[in-house]
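What follows is a single structure, written as structure tokens, with notes after it.
The values are calculated or read from the model by the stated rules, or taken from the named source; none is laboratory data. Because the structure is predicted, anything quoted here is derived from the model rather than measured. Methodologically, a virtual Cβ is constructed for each residue, glycine included, from the backbone with ideal geometry; neighbour enumeration extends over all protein chains shown. These accessible areas exclude ligands, DNA and RNA; they are computed on the full protein's heavy atoms, side chains included. Shrake-Rupley method; radii C 1.70, N 1.55, O 1.52, S 1.80 Å.
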Amino acid sequence: MIEIKQLIRPNILALKPYSSSRELHSGREGILLDANENPYGMLNRYPDPYQRALKNKLAIFKGVAQENIFFGNGSDEVIDLAFRIFCNPTVDKALTFSPTYGMYSVSAAINNIELISLPLGNDFQINMDKLSTYFNDTRIKLIFICSPNNPTGNLINNSDIMFIINKFKGIVIIDEAYIDFANTDSFINLLHSHNNLIVMQTFSKAWGLASARLGMAYSNKEIISVYNRVKPPYNVSEMNQQAAIDVLENLENYREKLALINKEKERLKSKLKTINCVKKIYPSDANFLLIEVTDANRLYKYLVTQRIIIRNRDTQIANCLRISIGTAYENEKLINALRIYI
Ligand SMILES: Cc1ncc(COP(=O)(O)O)c(C=O)c1O
């Protein structure tokens, strides 16, 4: 077990958090004259700062305790808070693997933290020999592993992640934003045995709630309680909490849409194989496909003229484009546009 307190910034350990009205009195009963709210209206009351009703539902669905769940204003808030909790600006460092999700480096830069970025190797897997040389650097407080990885779409080898969690003396953050699309278990299952683990998931992808801005951190009680102390008191709006409760109460729809997206991914993949300019389709455990084409910049611009917007990843991986899986209609439009591209 790792001594978590030793990894937390001293000013955060010493922090006396803001005590909100709705924390002192969480119920809605009685005459509420405590929070300087407007007594009129539908959205006039502050939301539950700890999102208890939502946590209750998610805890049952995920098979974890409520005290192991933190909700951020999107995963992006979970990432930002990790830097703020564990990394002393200009002193500490974090590490990740490239290419990957861009917010780790943006958040690191905002917090004035050096982010070491090790290039992924064959099949976009971690070069473990290279990584091992960094394990003794006690200034590295965080390792971000995105699995399935964005934009490459692949899962990172389970055994490599296990090795990192076991050997690294800092915090390992596994970003599982796309885990619902992958046929694999979540690392949430290891929370009880590894106290240096934070698993991130989100309502933005498989749950279809990108607009609601709800990202999760699953971790041990100690880390979650620090997250709760540092976050803005009302970081998730009542409407957004309710939107997530609604989707958790309609699991049939979640499963149906997930199956539909996976089916469309296979269909799109088989159609893309017949398109001349498509040189390679990378295996994907996510809701997008990474493809290599003859000239990514040219093809990207052409699709924009057809009012089809995909993501040009040429600066990260030469001549590669990332395509989110759309509806059957949207995917068909894309294929038709590609068929007439010369
Ligand atoms: C790997 C990864 N993590 C997190 C996010 C963002 O999640 P959220 O919408 O919860 O901030 C994305 C968004 O594209 C992503 O690709």
Condition met for Leu54 (part of a helix (DSSP H, G or I), closer than 17 Å to Asn235 by Cα and under 27 Å from the mean Cα position of the chain (by Cα)): yes
Residue within segment 135-158 that is acidic (Asp, Glu) and buried (at least 16 other Cβ atoms within 10 Å of the Cβ) present: no
Residue selected from segment 292-342 under the condition open to solvent by less than 60 Å² (accessible area, probe 1.4 Å) and of a type in the set (Ser, Thr, Tyr), by the criterion nearest to Thr274 (Cα to Cα): Tyr341
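Which is within 24 Å of Phe288 (Cβ to Cβ), of a type in the set (Asp, Glu) and within 16 Å of the ligand (Cβ to nearest atom), of Asp160, Asp180, Asp185?
The match here is Asp180.
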Candidate set: segment 72-116, residues that are open to solvent by 50 Å² or more (accessible area, probe 1.4 Å) and under 18 Å from Gly153 (Cα atoms); chosen: the one farthest from the ligand (Cβ to nearest atom): Met103
Some residue of segment 53-65 being open to solvent by 30 Å² or more (accessible area, probe 1.4 Å), at positive phi and not aliphatic (A, V, I, L, M): yes
Which listed residue is touching a Leu at 6+ places or on another chain (Cβ under 7 Å), within 12 Å of the ligand (Cβ to nearest atom) and within 20 Å of Ile4 (Cβ to Cβ), from Ile173, Ile165: Ile173
Some residue of segment 22-36 being under 17 Å from Val226 (Cβ atoms), touching a residue at least 12 places away in the same chain (Cβ under 8 Å) and not aromatic (Phe, Trp, Tyr): yes
Filtered residues of segment 54-76 (kept if aliphatic (A, V, I, L, M) and more than 20 Å from Ser211 (Cα to Cα)): Ala59, Ile60, Val64, Ala65, Ile69
Pick from segment 186-210, criterion open to solvent by 50 Å² or more (accessible area, probe 1.4 Å) and within 16 Å of the chain's Cα centre (by Cα), ranking: farthest from Ile4 (Cα to Cα): Gly208
Residues of segment 19-51 that turn out to be open to solvent by 70 Å² or more (accessible area, probe 1.4 Å), within 31 Å of the chain's Cα centre (by Cα) and modelled with pLDDT of 90 or more, as a count: 2
Verdict on Ser147 being closer than 19 Å to Ser105 by Cα and either of a type in the set (Ser, Thr, Tyr) or outside the structural domain of Lys280 (by TED's automatic domain parsing) (or both): yes
